[in-house]
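Trainee: What follows is a structure written as structure tokens; I'll ask about it next.
The values are calculated or read from the model by the stated rules, or taken from the named source; none is laboratory data. Computed from a predicted structure; not experimentally measured. Cβ placement follows ideal geometry from the backbone for every residue including glycine, while neighbour counts extend to all protein chains displayed. Surface areas here come from the heavy atoms of the whole protein model, side chains and all, with no ligands, DNA or RNA. Shrake-Rupley method; radii C 1.70, N 1.55, O 1.52, S 1.80 Å.
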Amino acid sequence: MPTPQPFGPTDEPPDGLFGLEELRTGPPPPPTGQQWFRDSPEARRMLAVREIHAEPGAAASPRGRQILAAFPEAEVIPVDSHWRIPHLHGNKGNAERWVRIKSTVLVLGEKKTLTVRPNGRSADWIAPGAANGCAMACAYCYVPRRKGYANPITVFTNIDRIVARLRRHITEQGPKREPNQCDPDAWVYDVGENNDCSVDALISENTADLVHAFARWPTAKASFATKFVNPDLLRLDPRGRTRIRFSVMPQDDSRLLDIRTSPVGQRIAAAGDFLEAGYEVHFNLSPVVIRPGWEQAWGELLQQMDDVLPHEVKEQAAAEVIMLTHNRDLHDVNMDWHPRAEEAIWRPDLQQAKRSENGSWNVRYRNATKAAAVETVRRLVAAHAPWLTIRYAF
């Protein structure tokens with residue numbers, strides 16, 4: 001992948017609303033004799049792209065050309081809209097090819113609506129995403145519900161406009177006047193609501209551009225959750241302005257539900273390296289799945305975190321507790337490719353329908369069941385990882 005000359009550790013782009021040519025488009029070259037993780041066999045197993053559906057404008061953009069150059073053997077198929085690809089979206093037969101599509105198909109589009117939405121839970125604001133979809137295949141993921149039977153990564157190539165929109169919004173907010181559960185000092189922007197930025201970094205420099213941009217904005221922080229350990233991110237220079245949230249769950253749950261993700265132990269072990277590299281490191285205890293023996297499993301996981309994590313990580317760590325949310329349409333999809341997962345996460349005896357913030361109907365644990373489970377997790381954290389502040393639980 002072409003890598004223009006990067007900024008040095010103290011260089012700053014010019015002030016103002018800058019274009020793509022002024023964005024960092026990649027970390028410094030790796031040391032002599034080493035390679036990017038994105039060029040490793042492990043990364044290529046995650047993304048062996050053979051088919052790229054591209055809007056013409058996206059393909060012609062600087063970022064689009066970089067991505068196409070990175071996958072020279074892929075067939076490029078022009079499409080009018082990244083949302084409307086007939087044989088991908090709405091094609092029920094694709095459920096049986098769920099994982100294969102994620103690893104071999106890529107979509108390039110341009111983000112048309114650059115809305116910054118208020119949040120107040122994990123972050124103060126939800127940023128316009130630089131991607132949508134994922135190469136991993138978590139059985140409970142909510143993103144496929146909108147796409148219909150296939151959920152490959154869609155990369156938005158107009159990263160310059162996304163960063164410019166964020167800069168305007170951050171400037172409009174001014175300094176944060178009062179601390180809240182998101183952060184005591186900085187406005188926090190979730191830059192990975194519908195994607196995993198660590199996996200996206202295997203494809204393009206969008207994640208690097210966001211990390212670099214936030215590194216020069218003293219009143220704001222980027223934040224994203226991830227289930228994938230990408231060592232290439234350690235070569236960026238976040239300067240404490242990007243919060244990476246490693247999602248963790250008991251390993252037996254992860255083997256069943258977190259398909260194609262990094263092992264949970266690897267995510268925990270990486271926390272110290274990311275803190276040393278200049279990231280703020282938090283955790284998502286997510287999702288909490290109620291099943292026989294779940295309390296013991298979570299207690300063992302929290303004890304593992306207490307045993308493994310360095311003191312420096314514990315001093316600044318915080319966590320979100322997120323109970324499982326499911327969906328009937330996703331249940332039907334999963335029954336075609338991973339029915340064993342549904343034995344654990346489709347529990348009509350414990351669940352109730354509930355309308356989400358975006359207006360769709362989902363399935364969540366019944367109120368009393370959920371409240372008792374959240375209290376159990378709080379008790380387990382207090383017993384096994386008392387250093388771990390729970391920022392919120394729902």
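Trainee: For His87, His53, His311, His384, give me the order by solvent-accessible area with a 1.4 Å probe, most accessible first, ignoring ligands, DNA and RNA.
Mentor: His311, His87, His384, His53
Trainee: Follow-up question, since we're still on this one. Rg to Rh for the range 200-240: what is it, with Cα atoms only and Rh by Kirkwood?
Mentor: Looking at the range 200-240, the ratio lands at 0.94.
Trainee: Can you give the charge dipole size of the chain about its Cα centre, rounded to the nearest 20 debye, using +1 on the beta carbon of Lys and Arg and -1 on the beta carbon of Asp and Glu?
Mentor: 1060 debye
Trainee: A further question on this structure: What value, in deg cm²/dmol to 500, does the helix sum -39500 (n - 2.57) over DSSP H runs of n ≥ 4 give at 222 nm once divided by the residues of the chain?
Mentor: Computed ellipticity for the chain at 222 nm equals -10000 deg cm²/dmol.
Trainee: Still on this model: How would Tyr189, Tyr142 line up by accessible area, probe 1.4 Å, largest first?
Mentor: Putting Tyr189, Tyr142 in descending order of accessible area: Tyr142, Tyr189.
Trainee: Here is a further query. Ignoring ligands, DNA and RNA, what percent of the 1.4 Å accessible area of the chain is carbon and sulfur?
Mentor: 51 percent
Trainee: Picking from Pro62, Pro263, Pro184, which is most flexible by a Gaussian network model of the chain using Cα springs under 10 Å?
Mentor: Highest fluctuation among the options: Pro184.
Trainee: Another one. With N denoting the number of residues in the range 246-307, provide Rg(C-alpha) divided by 2.2 N^0.38 Å, to two decimal places.
Mentor: In units of the globular-protein estimate, the range 246-307 measures up at 1.14.
Trainee: Sort the range 349-394 into rounded, prolate or oblate with this rule: let a ≥ b ≥ c be the square roots of the eigenvalues of the Cα gyration tensor; rounded if a/c is under 1.5, and if a/c is not under 1.5, prolate when a/b is larger than b/c, oblate otherwise.
Mentor: Here the range 349-394 falls in the oblate category.
Trainee: Based on a Kirkwood Rh over C-alpha pairs, give the Stokes-Einstein translational diffusion coefficient of the range 31-75 at 37 °C and viscosity 0.692 mPa s in µm²/s.
Mentor: Reported coefficient: 276 µm²/s.
Trainee: What does the C-alpha gyration tensor say about the overall shape of the range 278-394? Classify as rounded when a/c is under 1.5, otherwise prolate if a/b is larger than b/c, or oblate.
Mentor: Prolate, since a/c reaches 1.5 and a/b exceeds b/c.
Trainee: Setting aside same-chain residues fewer than 8 positions from Lys92, which aspartates and glutamates have a Cα under 20 Å from its Cα?
Mentor: Within the straight-line limit of under 20 Å, Lys92 reaches these aspartates and glutamates: Glu51, Asp329, Asp332, Asp336, Glu342.
Trainee: Only Cα pairs under 8 Å and at least 6 apart count here; give the relative contact order of the range 48-148 as a rounded whole percent.
Mentor: 32 percent
Trainee: Between their Cα atoms, which of Lys227/Lys370; Lys176/Lys370; Lys112/Lys227; Lys111/Lys221; Lys111/Lys176; Lys221/Lys314 are more than 30 Å away from each other?
Mentor: Check vs 30 Å cut-off fails for Lys176/Lys370.
Trainee: On average, how much accessible surface per residue is there in the chain, in Å², for a 1.4 Å probe, leaving out ligands, DNA and RNA?
Mentor: 42 Å²
Trainee: Quick one: divide the alpha-carbon radius of gyration of the range 63-174 by 2.2 N^0.38 Å and tell me what you get.
Mentor: 1.19
Trainee: OK, next. Pairs of alpha-carbon atoms within less than 8 angstrom and 6+ residues apart define the contacts here; what relative contact order does the chain have, in percent?
Mentor: Relative contact order, the chain: 14 percent.
Trainee: If you keep only loop residues by DSSP, which GluC sites (Glu not before Pro) in the range 318-369 have at most 10 other Cβ atoms within 10 Å of their Cβ?
Mentor: Passing both the DSSP loop test and the Cβ count: Glu357.
Trainee: State whether the range 288-340 is rounded, prolate or oblate according to the following rule on the C-alpha gyration tensor (a ≥ b ≥ c being the square roots of its eigenvalues): a/c under 1.5 gives rounded; otherwise a/b larger than b/c gives prolate, and the remaining case gives oblate.
Mentor: Prolate.
Trainee: Figure the gain on full extension for Met335 and Arg100 (residue separation times 0.36 nm, minus the Cα-Cα span) and round it to one decimal in nm.
Mentor: Here the segment from Met335 to Arg100 would lengthen by 83.0 nm.
Trainee: Within the set of other residues whose C-beta is less than 9 Å from the C-beta of Ala131, count the net charge using Lys and Arg as +1 and Asp and Glu as -1.
Mentor: In short, -2.
Trainee: Can you check what the net charge comes to around Leu324, using other residues whose Cβ is under 11 Å from the Cβ of Leu324 (Lys, Arg +1; Asp, Glu -1)?
Mentor: Computed value for this residue: +3.
Trainee: Based only on Cα atoms, what Rg/Rh ratio does the range 107-254 have, Rh being taken as Kirkwood's radius?
Mentor: Checking Rg against Rh, the ratio lands at 0.95.
Trainee: Moving to a separate point now. Rounded to whole Å, give me the distance from the Cα center of the range 208-224 to that of the range 294-319.
Mentor: So the separation of the two Cα centres works out to 27 Å.
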